[in-house]
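The values are calculated or read from the model by the stated rules, or taken from the named source; none is laboratory data. All values derive from a computational prediction rather than experimental measurement. We place every Cβ from the backbone using ideal geometry, glycine too, and count neighbours over all the protein chains shown.
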Amino acid sequence: PDHADMRYKCRTYARLLQFIKSLDKSCMIPLRKAYCHSLNLLIRREAREYSNELRNSSKASKSSTPSFEGPAGANQPAGIADSPAEAYSKMITAFIPLLVDESLFLAHFMCFEVPTSDGSDSDEDSTPKTSGSSGSSAKPSNNSSADLGVLNECLQEMLDGIQEDFYAIVDWAFKLDPLSCIPMHGITDRYIAGQKTEVAGYVSVLLDDLESRITILFSRVEKYERNVKQVGVVPYIPRFSQLAARMEQYITGSRDLVDQAYTKIVTIMFVTLEKIAQVEPKYADIVLLENYAAFQHSLYDLANVVPTLAKYYHQASEAYEQACSRHINLVIYIHFEKLFQFARKIEEQMYNMSPEEIAFQVGMSKVDFRKMLKSSLTGV
């Protein structure tokens, strides 16, 4: 959606609103309320239609093994969404900048005396700068703080309800592919890191709520996996390598953000893997060594160039060696348990009996010795 033309027409009345405010501030209350209500209806309708379009296009082209795609371009049409995560990315890409722009424009157009970021399209050709809008680094006055509170109320009224369309996309994506939570979390984190405008605080709240919802949904993946007997490599191990490759390819210039995403994702993966392994304690070490080996194999190339992934590569290597060691010890103990018991019994006898008490027989043949051993080991 593009509201540039609508905002351009609204600027025609900017001077009039300034005069009205200077004459009687109370007159701004019904005007702000009417503006927010009208814009709320418009944005919600656009969000609902776009959300439905994305879901319908993805349903038509979804595959059995969804790939992890990076954020879609802002000019890409909705009709070519290939995965649930990409549909969410398109929704975020289309509406988050729009909501920020509308928040900034509301602050200027409706004459709020609050600090805003320089360079927004709302600053151009509109109202003269208000006393508190000299830049985001300016110190807010008491009037500015009061206006910021009123502005937040107006923003909530203007954007209230749009979160439902975002939630619908998230829930739908999780239903189609639970692992789509991984790229959705990364996309949301990227936009959260980019929100630095105090005036658009409600947008930050929306993004935080989306991140929390995605995290809660991803925790259900763990519960789902734990209810199923795992054999071999769990699906999210090889899929993570695909995701990491996509992130390195598409999310450039955001090294810190990508590393934070890796830390969150891999930590959850390893914790979940340990819990999955405990479902069947008898085969726990086999599950662990298979999956840690698969993790190392799939990330070998990336771990050589990405320090954060290299750290987790070495962590997986250590966990693999520990699982191997435990499994080998278990196998040895199972196969040679009776022999170990016999050796301990001999050692105990050697410590508890003097050499004079140990019976021996001169000229014992091998056959006699085997018979003696067999009778001695009876019941051990």
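What do you reckon, is Thr267 surrounded by fewer than 17 Cβ atoms within 10 Å (Cβ to Cβ), assigned to a helix (DSSP H, G or I) and of a type in the set (S, T, N, Q)?
Yes, satisfied.
Of the listed requirements (1) under 32 Å from the mean Cα position of the chain (by Cα); (2) in a helix (DSSP H, G or I); (3) surrounded by fewer than 16 Cβ atoms within 10 Å (Cβ to Cβ), Tyr313 misses just one: (3).
Exactly one residue among Val279, Val287, Val306 is touching a Gly at 6+ places or on another chain (Cβ under 9 Å) and among the aliphatic types (A, V, I, L, M), and that residue is Val287. Every test in (1) without any contact (Cβ under 8 Å) to a residue 24 or more places away in the chain; (2) closer than 22 Å to Thr378 by Cα is passed by Lys338 save one, and that test is (1). Looking at segment 1-43 only, could you name the residues that are of a type in the set (Lys, Arg) and either surrounded by 16 or more Cβ atoms within 10 Å (Cβ to Cβ) or in contact with a Pro (Cβ under 8 Å, 6 or more places away or on another chain) (or both)? Answer for segment 1-43, where residues must be of a type in the set (Lys, Arg) and either surrounded by 16 or more Cβ atoms within 10 Å (Cβ to Cβ) or in contact with a Pro (Cβ under 8 Å, 6 or more places away or on another chain) (or both): Arg7, Arg11, Lys21, Arg32.
Of the residues that make up segment 317-334, is at least one at pLDDT 85 or above, aromatic (Phe, Trp, Tyr) and surrounded by 11 or more Cβ atoms within 10 Å (Cβ to Cβ)?
Yes, because at least one residue in segment 317-334 is at pLDDT 85 or above, aromatic (Phe, Trp, Tyr) and surrounded by 11 or more Cβ atoms within 10 Å (Cβ to Cβ).
If we scan segment 243-262, do we find a residue that is surrounded by 15 or more Cβ atoms within 10 Å (Cβ to Cβ) and at pLDDT 85 or above? Yes: one or more hits. Restricting Arg55, Arg11 to residues that are touching a Phe, Trp or Tyr at 6+ places or on another chain (Cβ under 8 Å) and over 22 Å from Glu157 (Cβ atoms) narrows the list to Arg55.
Every residue, every condition in (1) at pLDDT below 85; (2) more than 17 Å from Leu104 (Cα to Cα); (3) of a type in the set (A, V, I, L, M, F, W, C); (4) not in a helix (DSSP H, G or I), yes or no:
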residue: Met184; (1), (2), (3), (4): no, yes, yes, no
residue: Arg190; (1), (2), (3), (4): yes, yes, no, no
residue: Val199; (1), (2), (3), (4): yes, no, yes, no
residue: Tyr202; (1), (2), (3), (4): yes, no, no, no
residue: Val205; (1), (2), (3), (4): no, no, yes, no
residue: Glu211; (1), (2), (3), (4): no, yes, no, no
residue: Ile214; (1), (2), (3), (4): no, yes, yes, no
residue: Val221; (1), (2), (3), (4): yes, yes, yes, no
residue: Tyr224; (1), (2), (3), (4): yes, yes, no, no
